[in-house]
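S.K.: Can you keep this structure in mind? I'll have questions shortly.
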Amino acid sequence: MEAFVSAIKAQQFALSAWDMSASHTNIPYIYYFKNPNSDPTDDFMPSSRLRASFLKVIEEFPILVGHITVGKDGRCLVDVNPHNLNMPEYLESQSTVHFHDLEKAKFSWDALPQNVATVGAFPAVGVSGIIKLVNVNIIRLAENSGLVL
């Protein structure tokens, strides 16, 4: 984590009118990954590799760890301060839902494991007192059959 923090530089990103209009809703993206191996002990998408990959993405897109604020000119911006990072919520859990059940249901929203979406339809201040710019929720499916991200 120390190497990650040292890679983040202090900077500000001005938000356009389009950015502001799109900021009033949360759009959940859900990705499904089927484990091609039938062995339930297979180390499918190891947690350590997923987390390391996620941190590499943030290094390339530091705006994701910034804080929404208002600049001196009255415009909204995202302020990235390496000494005060707005780290994304990053959750990982286990589900009793099997990948085959999702396939049978044609990946219907109703068939998904509970708590897939960790945020509501509109951005709101969370438990930490700030709006997180990214939320990641990894759900491992029953019998190591796959993963929902």
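S.K.: Per-residue counts of other Cβ atoms within 10 Å, averaged by peptide: what ranking do you get for 34-42, 139-147, 77-85, highest first? Write out the running numbers ahead of the final one.
M.R.: On the way: 34-42: 11.0, 139-147: 19.7, 77-85: 15.7.
Most protected by this proxy first, the peptides run 139-147, 77-85, 34-42.
S.K.: To continue, here is another question. Roughly how many debye, to the nearest 20, is the charge dipole of region 1-127 about its Cα centre, given +1 on each Lys and Arg Cβ, -1 on each Asp and Glu Cβ, and no other charges?
M.R.: Dipole of region 1-127, to the nearest 20 debye: 280 debye.
S.K.: I need the shape label for region 1-90. Rule: rounded when a/c is under 1.5, else prolate if a/b > b/c, else oblate, with a, b, c from the alpha carbon gyration tensor. All intermediate terms of the calculation are to be shown ahead of the outcome.
M.R.: Working: a/c = 4.10, a/b = 1.80, b/c = 2.28.
Taking the square roots of the gyration eigenvalues as a ≥ b ≥ c, region 1-90 is oblate.
S.K.: Just to check I understand the Karplus step: with θ = phi - 60° and J = 6.51 cos²θ - 1.76 cosθ + 1.60, what whole-Hz values come out for region 77-94, glycine and proline as x?
M.R.: Values, residue by residue: 8, 10, 9, 9, 10, x, 8, 8, 6, 9, 5, x, 6, 9, 10, 9, 8, 10 Hz.
S.K.: Could I ask something else about it? What fraction of the DSSP beta bridges in the chain is antiparallel, stated in percent and rounded to the nearest 5?
M.R.: Taking every DSSP beta bridge with both residues in the chain, the antiparallel ones total about 70 percent.
S.K.: Read phi for every residue in region 3-14 and hand back ³J(HN,Hα) as whole Hz from Karplus 6.51 cos²θ - 1.76 cosθ + 1.60, θ = phi - 60°, with x for Gly and Pro.
M.R.: Karplus-based 3J(HN,Hα) across region 3-14 equals 5, 4, 4, 5, 7, 8, 9, 5, 6, 10, 10, 6 Hz.
S.K.: In terms of modelled amide H atoms, which long-range or inter-chain residues lie less than 5 Å from the amide H of GLU89?
M.R.: VAL134, VAL136
S.K.: Given a 1.4 angstrom probe, I'd like the percentage of the accessible area of the chain that is carbon and sulfur, rounded to a whole number.
M.R.: 56
S.K.: Which whole-number value in Å² is the accessible area per residue of the chain, probe 1.4 Å? Please report the intermediate quantities before stating the final value.
M.R.: Details: 9840 Å² over 149 residues.
Value for the chain: 66 Å² per residue.
S.K.: Using only the Cα atoms of region 1-48, build the gyration tensor, take square roots of its eigenvalues as a ≥ b ≥ c, and label the shape rounded, prolate or oblate: rounded if a/c is under 1.5, else prolate if a/b is larger than b/c, else oblate.
M.R.: Numbers: a/c = 5.84, a/b = 1.61, b/c = 3.62.
The shape class here is oblate.
S.K.: Projecting each Cα onto the charge dipole of the chain (Lys/Arg +1, Asp/Glu -1 at the beta carbon, about the Cα centre), which of ALA17, VAL125, SER6 comes out farthest on the positive side?
M.R.: ALA17
S.K.: Right, something else. Among SER48, ASN35, GLY74, which residue has its Cα furthest toward the positive end of the charge dipole of the chain, with +1 on Lys/Arg Cβ and -1 on Asp/Glu Cβ?
M.R.: Positive-end residue among those listed: GLY74.
The values are calculated or read from the model by the stated rules, or taken from the named source; none is laboratory data. The structure displayed is predicted, hence computed values, not measured ones. Glycine gets a Cβ as well: all are built from the backbone with ideal geometry, and neighbour counts include every protein chain shown. Note: accessible area is taken over every heavy atom of the protein model, side chains too, but ligands, DNA and RNA are not part of it. Shrake-Rupley method; radii C 1.70, N 1.55, O 1.52, S 1.80 Å.
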